[in-house]
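Structure record follows, encoded as structure tokens.
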Amino acid sequence: MIKKGIKLIKNGKRIDGRLAKQLRDMEMKIDVISTADGSAKVKFGNTIAIASVRGPRALFPRHLQESQTGILRCKYAMAPFSVDERKSPAPNRRSIEISKVTRLALGPTTFLEDFPKTVIDVFIEIIQADGSTRVAGINASSIALTSAGVPMRDLVSACSVGKINGTLVVDLNGEEDNNSEADVAFAILPSKDEVTLLQMDGLLTKDELIELLNLAKDSCKKICELQKGVLREKYKSE
Amino acid sequence: MEELYSLELIKNGKRIDGRKFDEFRKIEIEKNIVQKAEGSALVRLGKTEVIAGVKLGIGEPFPDTPKDGILMVHAEFSPLASPEFESGPPGEDAVELSRVVDRGIRESKCIELDKLCIIPKEKVWIISIDICIINHQGNLLDASALASLIALLNTKIPKLKNDEIIRGEFESKLPVVFKPINVAVGKIGNTLLIDPNLEEEKILESKLSVALREDNKICAMQKQGIKGIEFKNIEKMIDLAIEKSKEIRKLVK
């Protein structure tokens, strides 16, 4: 819901001092959970997402197994203290939908058919929410999957783009997200150019939308470099 | 088996029911089919059948929008409609469908929510759209969005006496000012198609659902399906959705 009269851009700068097409400071850390097969922590400004991957492992109860392929399960959750008003830890409609689109965003990069009867579980916890949490979760999951040694066709890189005060911007923070005219969540397999997450709401002309998608694609390339960076770092030290 | 046959046909440029790739199934619309609801509609897309009902109630507004009415969308996938549906609380597909329909309506600003205030900060109208799937033969999303819109366009606001609702007597029409139309574009290989039936839905690689207003502004999108969409194809899918939305809008009154 747009509150009237809120100025989110002054003299070309956003409320956190960024330019329109500038990503927030990002931090990525790999293998942050010792009991997981792969894990990662991603910070987009104040947004903090942790992802942990377990599997491929045998799937129980057995009736859930698929004889021809493995399955991917994703669970997106927000910690009760991650937002202004305490959030109940139980899944709500929003987190159920995000869990589904996260699975579909990550699925196309895996070779699940090579692991029949197994499951790969991805658990995402948002520790602090300040906008763009689902894409932060996908970025973390992508490097966690890689770190777990799951064979992958490509990394998955994700970011949000949107329109605030009539300006097209990249990587919306919480305040911008709540007052945006439109926002788009986007994930891509960067070297295959395949879009695996695309959700939009708000009001945009087709031209604005296409411009935003190109912005999102370019930003994902930058994010992909960061992801590759932490992965290289890991294997250098081993 | 029908899925494999359908896939084989699509590779040869045909569809299992003989339609063109950009052709909807026969669309049938019935308005005001439930007298107890403030607004209702039944939509058939071929054999797919969906009923949307609108109920109006009174409740407290959200603190950040003290003068605005509230919109809620809920969908039920009952085993009545398909052997694939199970009893119990809404699963992720039902949740996703209701949220995508919700975004199309909400973001298009088709309902003037600011005209639905009774007492600021205390009482506003709550619009509940409930989507009941009667028969699932594919493309539930387009059918549900269309049924919801037509139900809203025919919704009447009940009379109030001492801030209590008098059921069965009406004050005015619900202020609906835009007509958002949802068009889901499916993709198999390089073939784009609309209004997939059940067999086609099972073999679709990906789907892009686009909600459009009459000024051609895009108000909601959702990518679905198990495969990614090549970046260059997204614009083609949006163009097809824009074109087809005009055709559907002509049926909406």
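The values are calculated or read from the model by the stated rules, or taken from the named source; none is laboratory data. What you are looking at is a predicted structure, and each value in this text was computed from that prediction instead of being measured. Note that we place each Cβ from the backbone using ideal geometry, even for glycine, and neighbour counts take in every protein chain shown.
Which ones in segment B:171-202 are surrounded by fewer than 17 Cβ atoms within 10 Å (Cβ to Cβ) and over 18 Å from the mean Cα position of the chain (by Cα)? Hits for segment B:171-202 are B:E171, B:S172, B:K173, B:P175, B:G189, B:N190, B:T191, B:K202.
Residue by residue, here is whether (1) over 17 Å from B:K173 (Cα atoms); (2) not in a loop (DSSP other than H, G, I, E, B) holds:
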| residue | (1), (2) |
| --- | --- |
| B:Q35 | no, no |
| B:G53 | no, yes |
| B:L56 | no, yes |
| B:D68 | no, no |
| B:L71 | no, yes |
| B:E86 | yes, no |
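Residue pairs whose Cβ atoms lie under 6 Å apart, separated by 6 or more positions or on different chains, with the first residue in segment B:218-244 and without any contact (Cβ under 8 Å) to a residue 60 or more places away in the chain and the second hydroxyl-bearing (S, T, Y) and crowded, with 16+ Cβ neighbours inside 10 Å, are B:G225/B:S206; B:K227/B:S206; B:G228/A:T196; B:I229/B:S206.
Of the candidates B:E122, B:E107, the single residue that is among the charged types (D, E, K, R) and either without any contact (Cβ under 8 Å) to a residue 24 or more places away in the chain or surrounded by fewer than 16 Cβ atoms within 10 Å (Cβ to Cβ) (or both) is B:E122.
Among residues of segment B:2-24 that are touching a residue at least 40 places away in the same chain (Cβ under 8 Å), those with a Cβ under 6 angstrom from a residue that is assigned to a loop (DSSP other than H, G, I, E, B), sequence gap 6+ or separate chain, pair up as B:S6/B:I16; B:F24/B:D195.
Collect the residues in segment B:94-131 that are in a helix (DSSP H, G or I), out of contact with any helix residue (DSSP H, G or I) (no Cβ under 8 Å at 6 or more places or on another chain) and not hydrophobic (A, V, I, L, M, F, W, C), keeping them in residue-number order.
Within segment B:94-131, B:D102, B:R103, B:R106, B:E107, B:D114, B:K115 qualify.
Checked against the criterion of being within 12 Å of chain A (Cβ to nearest Cβ) and in a helix (DSSP H, G or I), segment B:190-204 has no qualifying residue. Scanning segment B:114-133 for any residue that is more than 10 Å from chain A (Cβ to nearest Cβ), among the polar types (S, T, N, Q) and in contact with a Ser or Thr (Cβ under 7 Å, 6 or more places away or on another chain) turns up nothing. Candidates are the residues of segment B:149-166 that are β-branched (V, I, T) and not in a strand (DSSP E or B); the one that is farthest from B:E107 (Cα to Cα) is B:T155.
May I ask you to verify whether B:I166 is surrounded by fewer than 17 Cβ atoms within 10 Å (Cβ to Cβ), hydrophobic (A, V, I, L, M, F, W, C) and within 14 Å of chain A (Cβ to nearest Cβ)? Please lay out each step first, then the result.
Values: surrounded by fewer than 17 Cβ atoms within 10 Å (Cβ to Cβ): yes; hydrophobic (A, V, I, L, M, F, W, C): yes; within 14 Å of chain A (Cβ to nearest Cβ): no.
So B:I166 fails the test.
For A:R153, are the conditions met, namely being surrounded by fewer than 22 Cβ atoms within 10 Å (Cβ to Cβ), under 27 Å from A:K236 (Cα atoms), touching a strand residue (DSSP E or B) at 6+ places or on another chain (Cβ under 8 Å) and at pLDDT 95 or above? Yes, satisfied.
Filtered by the rule that a residue be away from every other protein chain (no Cβ under 14 Å), assigned to a helix (DSSP H, G or I) and surrounded by 14 or more Cβ atoms within 10 Å (Cβ to Cβ), segment A:80-107 gives a lone residue, A:S82. Among all residues of segment A:109-123, there is at least one that is under 16 Å from A:T196 (Cα atoms), modelled with pLDDT of 95 or more and at the interface with chain B (Cβ under 9 Å from one of its Cβ atoms).
Within segment A:195-238, if we keep just the residues that are assigned to a helix (DSSP H, G or I) and among the β-branched types (V, I, T), the residue that is farthest from the other protein chains (Cβ to nearest Cβ) turns out to be A:V230.
Only residues that are surrounded by 15 or more Cβ atoms within 10 Å (Cβ to Cβ) and either among the polar types (S, T, N, Q) or touching a helix residue (DSSP H, G or I) at 6+ places or on another chain (Cβ under 8 Å) (or both) were counted across segment B:227-241, and they come to 7.
Filtering A:E208, A:E194, A:E225, A:E176 for residues that are under 27 Å from A:M78 (Cβ atoms) and either touching a helix residue (DSSP H, G or I) at 6+ places or on another chain (Cβ under 9 Å) or modelled with pLDDT of 95 or more (or both) leaves a single hit, A:E176. Between A:A49, A:A40, A:A77, A:A20, the distinction of being among the aliphatic types (A, V, I, L, M), part of a loop (DSSP other than H, G, I, E, B) and modelled with pLDDT of 95 or more belongs to A:A20 only.
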